[in-house]
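The values are calculated or read from the model by the stated rules, or taken from the named source; none is laboratory data. Owing to the predicted nature of the structure, the values given are computational and were not obtained by experimental measurement. When we count neighbours, we look across all protein chains shown, and the Cβ atoms used for this are built from the backbone with ideal geometry, even at glycine. Heavy atoms of the whole protein, side chains included, go into the accessibility calculation; ligands, DNA and RNA do not. Shrake-Rupley method; radii C 1.70, N 1.55, O 1.52, S 1.80 Å.
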Amino acid sequence: MDLITTHKNADFDALSSLVAAGKLYPKARLLLPGSQEKAVRSFLSLIKDKVKIEDEKTCRMDDVTRLIIVDNRHASRIGISADLLEKKGMKVHIYDHHPRTRFDIKGNKEVFKEVGATVSLLLEIMLRKGKLDFTPLEATLMLLGIYEETGSLSYPTTTKLDVDMVSALLAIGANLNAVSSYLNRELSGKELSVFIELLESVKVVDVNGIPVAFAATDTSDFDGELGTVVHKLQDVENYPVIFAMFTNHGRVKILARSRMAPIDVNKIMGHFAGAGHSSAASARVEGTGHAEITSSIVGMIEKMTMPEVYARDIMNFPVKTVSEDDKVTEVMGRLERFGYKGAPVLNEDFELVGIVTAGDLKKAINKKMGHSRVKGYMATKLVTVDPATPLYELRKILMEKGKGRIPVIEGNRIIGIVTRTDVLRKVHSSFFTVASKRKTGLKDLSGKMKKSLPPKLLTLIKSIGKMGDEHGMNVFLVGGFVRDLLMGKKNYDLDIVVEGDAIRFGKILSEKMKGTLVVHHKFGTSTVVNKWPKWLGPSLHADNKFKIDIATARKEVYKKPAALPTVEFSLLREDLYRRDFTVNAMAVAVNKAHFGMFIDVFGGVKDLEKKTIRILHDKSFIDDPTRIFRAVRFEQRLGFSIDDHTEYLIKHAVSQDMFKRTENQRIRDELILMLKEKNPEKAVFRMRELHELRFIHSELVLKRSIRGTLANLRKCENWYAARALGARPLDIWLMNFMIILDALTPAQMEEVLENFVFTRSERLRLSSDKKETKKVLAKLTSRKKMLPSRVYDILEPLAHEVTLCIMARTSSDIAKRRVRKFFSEYNGIILRIKGGDLIKQGLKPGPRYKAILRGVLCEKIDGKLKSKKEELACMRELIGNERKNK
């Protein structure tokens, strides 16, 4: 026989769980042990004819073979049913939502879930089985159980499941009015007396910034509902945490309630052998007074809420300060430039004397006092804190003093500033961040680095970190290296940021690596250049160089839109903020103490997971319009998508002609990088979608055939590379550019060459492609028989890039075959005779040499000459013919 029971002094969650379990075990008897809360007894009188519930006096126990316990796991709280636990062969099933403790009954089947009410998890099981078939009265009882246990869905223990089950119960007729009448009843006369006694006894203790209420009274002659009284007291006085102690003939019952997530009253009551859950729990104590209980609880809360965040952890530094003698208009301009709402004011001894806000300055400017000194408009009644001030104290100061920013002082020096936003962001972090659906777990990348990087590269990185330790600098890997490490892509270009002097660090590193140092004083950066090491495998770069870029953690400030940035030194966070996209704004520490520590301030990992290209701030494309090209390049290279807001800002920047304010060389450089990608056609057509092509030339359009032509070009490049036909690597980007510019006229091409600063070699090849392509194709596509030397004469003057583009553009098999023959046969033929052989024939050096040697070469290309002897004979014949003609 099955028996379902719950805990003594049953509340509505216990009663509703008992009835719900009866649906899952339809042949079971239902037992309510001990007494029940007053409201529960009142409801039981309504359903006694509808649901058969037994008490301990009438319930038969001898035939029970399986015990089902709901909303409880403590043997001491189930009354006479506890005797069944000793019965041999007894099976025990438990359904509960309370946290586990060492006093728990061990069941054959245990169903536990962290939900607001036990009845919610039972309803979920029934819903999955399609058995949610309650009468409106039963549905109302279930709703009472959820609402009472979750504070009408307001307690922090409430979960989505509780809310979903409420919705399901309302759909089958649960009555909210009835629920309200039972949960919000008036206190009885005795309950009201106890309420007043508790209220008068309340003492509030500040524990690490949290007000904790303690109340106590004697209830020896009380027979009301203590839980209802405490609930009413907490609602009326709005205490976030309360412990109510009730003395009854030497025993103390503690009822604890908490609305503060850090304070888990279940753990605190567990110290007194009590139980419950994090927001509501109880315990009984003997032989201990109120003062001792209070002292013990305060001690536990102090440990539970030890401050983890101090002013030094959230302050902004270094601090942008102004002098008290600065002019109002000058300071206003600086605040607007940095996007600040105020700044500390220092005197000539660099002591803090006030704070000035943008609002104060605007008032002065409106009164035509912009020429005045700042000291006349600053606030001088200052509230300051030291670096060890805990978060709760900072919050208290902001609330009570009405300050928007608090200077952090060490000695006589201002070392940081905490703003209202900093405190709000930390106290209410859930309002400022969106939880990821799955945790990334990325805090330490040292294991991933060991697994993914060549051993010698890892050793080099560690030695760079050690150098930072030796010279007192924090060192970080940043940018594309970190992004590709997370994505599992091969990238050995080290991009390093140091919190110190990057140029000095670069000199030390270049000496250690015996490399070449390139310094950029304007930007405070340096680059160490070496030959590509063999232990890294085949070079990833055409120039066969291994580079380490080093920058000082800095903040870039653009003096005007699209200008090159001026640089101000700052810490890592601001250095990451200056970067182009979130996926490129992540870092890894390499100093020994924190090696592998992963830093992701702006949600780069989340955007990697979402495959999204997203800028860090709305002025990004205005500050640097070349990021528009970069967004497309990364989108296509990584197979990501530009997020909607970023795309909107791109289109806005394009419509504002931001590229006209940018140096053409910078546009050229970004364009070259894009055209060097493996499949640039995707990026090019994306540029067309975003209306970016007009910044190359206003008349530039993409022909429909271009996609196919670029695909043909890839095939031509692969064919050429496989045969190692060139003495130098091909400029792939230049060939892609030639194809893209097909629609332009020669005159328009010259405008492009004029606007963008290309090298002389690049200009010549681009011009040659535009001028010669049609003429060359007309000759190569001819069906007339053509000697090899004629093909050679046509193609030899052209750069190989131009010839391959011609091959990619044509659909003529004859032309393609002639180009292949040129590269694979004719272009490799060399003469055995030299200039000295011509001198022996009495010829003086001059233009005639070239003409005669060219004539001999053509004969050889046509297959008529097999040996040097034949070449010499041909040479003499050509010289003789020339003399005869004279």
How many of the residues in the stretch 329-360 are of a type in the set (D, E, K, R) and either touching a Phe, Trp or Tyr at 6+ places or on another chain (Cβ under 6 Å) or in a loop (DSSP other than H, G, I, E, B) (or both)?
-> 5
Can you find even one residue in the stretch 384-397 that is loosely packed, with under 13 Cβ neighbours inside 10 Å and within 34 Å of the chain's Cα centre (by Cα)?
-> yes
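The rows are residues; the columns are (1) surrounded by fewer than 20 Cβ atoms within 10 Å (Cβ to Cβ); (2) of a type in the set (S, T, Y); (3) without any contact (Cβ under 8 Å) to a residue 40 or more places away in the chain.
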position: A14; (1), (2), (3): no, no, no
position: A20; (1), (2), (3): no, no, no
position: P26; (1), (2), (3): yes, no, yes
position: S35; (1), (2), (3): yes, yes, yes
position: L46; (1), (2), (3): yes, no, no
position: D49; (1), (2), (3): yes, no, yes
position: K52; (1), (2), (3): yes, no, yes
position: D62; (1), (2), (3): yes, no, yes
Kindly list, by first and then second residue, each pair from a residue in the stretch 736-749 that is touching a residue at least 24 places away in the same chain (Cβ under 8 Å) to a residue that is aliphatic (A, V, I, L, M) and surrounded by fewer than 17 Cβ atoms within 10 Å (Cβ to Cβ), limited to pairs with Cβ atoms under 9 Å and residues at least 6 apart or on different chains.
-> A743/V701
Of all residues in the stretch 768-793 being in contact with a helix residue (DSSP H, G or I) (Cβ under 7 Å, 6 or more places away or on another chain) and among the hydroxyl-bearing types (S, T, Y), the one that is nearest to K821 (Cα to Cα) | Y792
Strands (runs of 3 or more DSSP E) lying entirely in the stretch 221-328 (those with 1 or more residues that are acidic (D, E) and open to solvent by 30 Å² or more (accessible area, probe 1.4 Å)) | 280-286
Which of the residues belonging to the stretch 346-373 are buried (at least 18 other Cβ atoms within 10 Å of the Cβ) and touching a helix residue (DSSP H, G or I) at 6+ places or on another chain (Cβ under 6 Å)?
-> V356, L361, A364
Inspect all residues belonging to the stretch 399-414 and state whether any of them is among the small types (G, A, S) and either buried (at least 17 other Cβ atoms within 10 Å of the Cβ) or without any contact (Cβ under 8 Å) to a residue 24 or more places away in the chain (or both).
-> yes
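Just one of K660, K676, K606, K610 is modelled with pLDDT of 85 or more and either within 21 Å of L741 (Cα to Cα) or not basic (K, R) (or both); which is it?
Working: K660 fails: modelled with pLDDT of 85 or more; K606 fails: either within 21 Å of L741 (Cα to Cα) or not basic (K, R) (or both); K610 fails: either within 21 Å of L741 (Cα to Cα) or not basic (K, R) (or both).
From the options K660, K676, K606, K610, the qualifying one is K676.
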In this structure, is L458 crowded, with 19+ Cβ neighbours inside 10 Å, out of contact with any Pro (no Cβ under 7 Å at 6 or more places or on another chain) and at pLDDT 90 or above?
-> no
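Would you check which residues across the stretch 488-543 are of a type in the set (G, A, S) and surrounded by fewer than 19 Cβ atoms within 10 Å (Cβ to Cβ) and list them? Lay out the reasoning, then the answer.
Applying the first criterion (of a type in the set (G, A, S)) to the stretch 488-543 yields 488, 500, 502, 506, 510, 515, 524, 526, 537, 539, 542.
Of everything in the stretch 488-543, those that are of a type in the set (G, A, S) and surrounded by fewer than 19 Cβ atoms within 10 Å (Cβ to Cβ) turn out to be G488, G500, G524, G537, S539, A542.
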Taking the stretch 769-799 and keeping residues crowded, with 17+ Cβ neighbours inside 10 Å and small (G, A, S) leaves S789, A799
Please determine, by comparing only the residues of the stretch 828-839 that are touching an Asp or Glu at 6+ places or on another chain (Cβ under 7 Å) and surrounded by 15 or more Cβ atoms within 10 Å (Cβ to Cβ), which one is farthest from P788 (Cα to Cα).
-> I833
Looking at the stretch 840-864, which of its residues are open to solvent by less than 70 Å² (accessible area, probe 1.4 Å), modelled with pLDDT under 90 and in a loop (DSSP other than H, G, I, E, B)?
-> Q841, G842, L843, G846
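Need at least 2 residues that are within 24 Å of A589 (Cβ to Cβ), touching a strand residue (DSSP E or B) at 6+ places or on another chain (Cβ under 9 Å) and not hydrophobic (A, V, I, L, M, F, W, C) per element, so show me which strands (runs of 3 or more DSSP E) inside the stretch 486-542 make the cut, counting only ones lying wholly within it.
Working: elements: 494-499, 516-520, 525-531.
The strands (runs of 3 or more DSSP E) meeting that bar are 494-499, 525-531.
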May I ask you to list the residues in the stretch 224-250 that are closer than 20 Å to S193 by Cα, over 46 Å from the mean Cα position of the chain (by Cα) and not β-branched (V, I, T)?
-> G224, E225, L226, M245, F246, N248, H249
Residues being free of Cβ contacts under 8 Å to residues at least 12 places away in the same chain and not in a helix (DSSP H, G or I) - total across the stretch 783-800 = 3
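Residues that are open to solvent by 40 Å² or more (accessible area, probe 1.4 Å), at least 2 per element: which helices (runs of 4 or more DSSP H) completely within the stretch 592-686 meet that?
Values: elements: 604-610, 620-623, 626-638, 644-655, 664-675.
In the stretch 592-686, 604-610, 626-638, 644-655, 664-675 are the helices (runs of 4 or more DSSP H) which contain 2 or more residues that are open to solvent by 40 Å² or more (accessible area, probe 1.4 Å).
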